[in-house]
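Engineer: Take this structure first; my questions come after.
The numbers here are math on the coordinates, done by the rules we state, and not lab data. For clarity, every value in this text was computed on a predicted model and none was experimentally measured. Glycine also receives a Cβ, built like all others from the backbone with ideal geometry; neighbour counts cover every protein chain displayed.
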Amino acid sequence: MSGGEQQMLTISRTLMGNPSLVLLDEPSEGLAPKIIEQMAEAILAMKREGLSILLSEQNLHFARLISDRAYILEKGRIRFSGTIAELEANTAVRDQYLAV
């Protein structure tokens, strides 16, 4: 199976347990762009069904697609907490923590 298929299978197996919260750790890591889009669509479908999702992700574009809130952690401390819109509007935080 491809990496994307393995990721989707793992999430599917988790959902069989009917959880109320799912923790996704870097679900887009190593995936082709097309598979990342499919993964985002699947996560959005889970959100629409009322499932709570905690996402740990370094791919900011992917996180923007599916997240309502963002937290930036540095050395175990929360350096930013807010909505995605607040993060996008905060140039100081973006420049300090999200610039390449």
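Engineer: Using DSSP to define loop residues, name the trypsin sites (Lys or Arg not before Pro) in the stretch 2-100 whose beta-carbon has at most 12 other beta-carbon atoms within 10 Å.
Structural biologist: For trypsin sites (Lys or Arg not before Pro) across the stretch 2-100 that sit outside H, G, I, E and B with at most 12 neighbouring Cβ atoms in 10 Å, the list reads LYS75.
Engineer: Relative contact order for the stretch 1-67 using alpha-carbon pairs under 8 Å, separation at least 6, rounded to a whole percent?
Structural biologist: 39 percent
Engineer: If I fit a long axis through the Cα atoms of helix 33-48 and take the longest principal axis of the Cα atoms of the chain, what angle between them do I get, 0 to 90°, rounded to 10?
Structural biologist: 90 degrees
Engineer: Relative to the first principal axis of the alpha-carbon coordinates of the chain, what is the inclination of helix 3-15, with its axis defined by its Cα atoms, in degrees from 0 to 90 and to the nearest 10?
Structural biologist: Once rounded, one gets 80 degrees.
Engineer: At a 10 Å Cβ-Cβ cut-off, how would you order GLU57, GLU41, fewest neighbours first?
Structural biologist: Fewest-to-most Cβ neighbours within 10 Å comes out as GLU41, GLU57.
Engineer: For the residues SER67, SER81, what sequence is obtained by ranking on other C-beta atoms within 10 Å, fewest first?
Structural biologist: Ordered from fewest to most neighbouring Cβ atoms within 10 Å, SER67, SER81 come out as SER81, SER67.
Engineer: Per DSSP H run of at least 4 residues, take -39500 (n - 2.57); add these up for the chain, divide by its residues and hand me the 222 nm value, nearest 500 deg cm²/dmol.
Structural biologist: Rounded to the nearest 500, it is -12500 deg cm²/dmol.
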